[in-house]
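Some notes on the structure that comes next.
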Ligand code: C5P
């Protein structure tokens, strides 16, 4: 039996929305201590990793939404992900990464982190010496606060700066509508604005509301909707007051819950069911308060291989 080395590996990874995001004090390393509930949704980016000739290094091409906004150099997290896997395997890093984007860029849905998680899994499989799940998770944590969750998927609690993941007990399928803005927000800027708005006072340790966890355990969408919360929302609204119009348009359409996703500017709306999500999406599109509206369900899996193409013998 011949074991063929793959010529290319295709991996899909999900966007996330934070059902709760509690931001604690700023740490000496500049990050904020978090307690968050991550939820992976069926807005998926795809990374195709293809073996490249010796000496090629890393190259990146992009297709899909907002191509011009995605860097194709070493500032792309997927590039760093490939390098980390090569270093861990003590092998040269010669690979082409093709990114197919659906997740908004700088949108608060961890699109760059999803691409990094997908690149980790794809390069690991492409170079064929499986460095192991635990090691991949450690590399993910080095890459960014949201990358471990993009590997994990589902519904999970994040602590530390977001990189320490434990699965959450959650039941049911949730129907979401996401409104994308036609501009991005920088995550560091939003955290800095959160600090500015809080002033000098003592910041309590971050915590996750019991009401949200019990709503997730019972699978009651209305209770989940009522308990969505994001400590960064005031900061995102302070930087972009127009987002209030988008949130109000979803509220008026009867969404069970309305929240800015992560550091924004994407707004997330929880619908009653699939049909209601169409109504909410139509109302948001016709409000003229956002660039694009997309529907998705959650929870979904983390980064997963969807295709492996063997090299010609
Ligand atoms: O980890 P990541 O690269 O996604 O973080 C981007 C930026 O977001 C950090 O440089 C920091 O300014 C801010 N951040 C933070 N606290 C966190 C996560 C991110 O202040 N827990």
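The values are calculated or read from the model by the stated rules, or taken from the named source; none is laboratory data. Fair warning: this is a prediction, and the values are worked out from it, not measured in the lab. A quick note on method: Cβ atoms are made from the backbone with ideal geometry, for glycine too, and the neighbour counts reach across all protein chains shown.
For the residues 88, 78, the requirement of being crowded, with 18+ Cβ neighbours inside 10 Å, in a helix (DSSP H, G or I) and touching a strand residue (DSSP E or B) at 6+ places or on another chain (Cβ under 7 Å) singles out 78. Of all residue pairs spaced 6 or more apart or on separate chains, none has beta-carbon atoms under 8 Å together with a first member in segment 259-284 that is without any contact (Cβ under 8 Å) to a residue 24 or more places away in the chain and a second member that is part of a helix (DSSP H, G or I).
Within segment 132-171, track down each residue that is closer than 19 Å to residue 87 by Cα and touching a residue at least 60 places away in the same chain (Cβ under 8 Å). Talk me through it step by step, then tell me what you get.
Let us first name the residues in segment 132-171 that are closer than 19 Å to residue 87 by Cα, namely 132-144, 147-148.
Passing the criteria: 143, 144, 147.
Restricting 248, 193, 205 to those that are surrounded by fewer than 17 Cβ atoms within 10 Å (Cβ to Cβ), assigned to a helix (DSSP H, G or I) and at pLDDT 95 or above reduces the list to 248.
Residue by residue, here is whether (1) under 19 Å from residue 100 (Cα atoms); (2) in contact with a strand residue (DSSP E or B) (Cβ under 8 Å, 6 or more places away or on another chain); (3) within 12 Å of the ligand (Cβ to nearest atom) holds:
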position: 121; (1), (2), (3): yes, yes, no
position: 127; (1), (2), (3): no, no, no
position: 134; (1), (2), (3): no, no, no
position: 138; (1), (2), (3): no, no, no
position: 144; (1), (2), (3): no, no, yes
position: 147; (1), (2), (3): yes, no, yes
position: 152; (1), (2), (3): no, yes, no
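Residues in segment 97-113 that are in contact with a helix residue (DSSP H, G or I) (Cβ under 8 Å, 6 or more places away or on another chain) and part of a strand (DSSP E or B): 97, 99, 101.
Yes/no per residue for (1) loosely packed, with under 15 Cβ neighbours inside 10 Å; (2) in contact with a helix residue (DSSP H, G or I) (Cβ under 9 Å, 6 or more places away or on another chain); (3) assigned to a loop (DSSP other than H, G, I, E, B):
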site	(1), (2), (3)
134	yes, no, no
141	no, yes, no
150	no, yes, no
156	no, yes, no
171	yes, yes, yes
175	no, yes, no
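The residues in segment 190-222 that are touching a residue at least 60 places away in the same chain (Cβ under 8 Å) and within 16 Å of the ligand (Cβ to nearest atom) can be counted, and the count is 10.
Give the residue that is farthest from residue 162 (Cα to Cα), with candidates limited to residues of segment 208-223 that are out of contact with any strand residue (DSSP E or B) (no Cβ under 7 Å at 6 or more places or on another chain) and outside any helix (DSSP H, G or I). It would help to see each step written out before you state the result.
The initial filter retains those residues of segment 208-223 that are out of contact with any strand residue (DSSP E or B) (no Cβ under 7 Å at 6 or more places or on another chain), namely 210-211, 213-215, 217-220, 222-223.
Those left that are additionally outside any helix (DSSP H, G or I): 219-220.
On the way: 219: 24, 220: 25 Å.
Filtering segment 208-223 for residues that are out of contact with any strand residue (DSSP E or B) (no Cβ under 7 Å at 6 or more places or on another chain) and outside any helix (DSSP H, G or I), the one farthest from residue 162 (Cα to Cα) comes out as 220.
Scanning segment 18-51 for residues that are within 12 Å of the ligand (Cβ to nearest atom) and assigned to a strand (DSSP E or B) returns 18, 21, 22, 23, 24, 25, 26, 32, 33, 34, 35, 36.
Residues checked against (1) crowded, with 24+ Cβ neighbours inside 10 Å; (2) outside the structural domain of residue 209 (by TED's automatic domain parsing); (3) in contact with a strand residue (DSSP E or B) (Cβ under 6 Å, 6 or more places away or on another chain):
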site	(1), (2), (3)
18	yes, yes, yes
30	no, yes, no
37	yes, yes, yes
51	no, yes, yes
57	no, yes, no
62	no, yes, yes
66	no, yes, no
72	no, yes, yes
84	no, yes, no
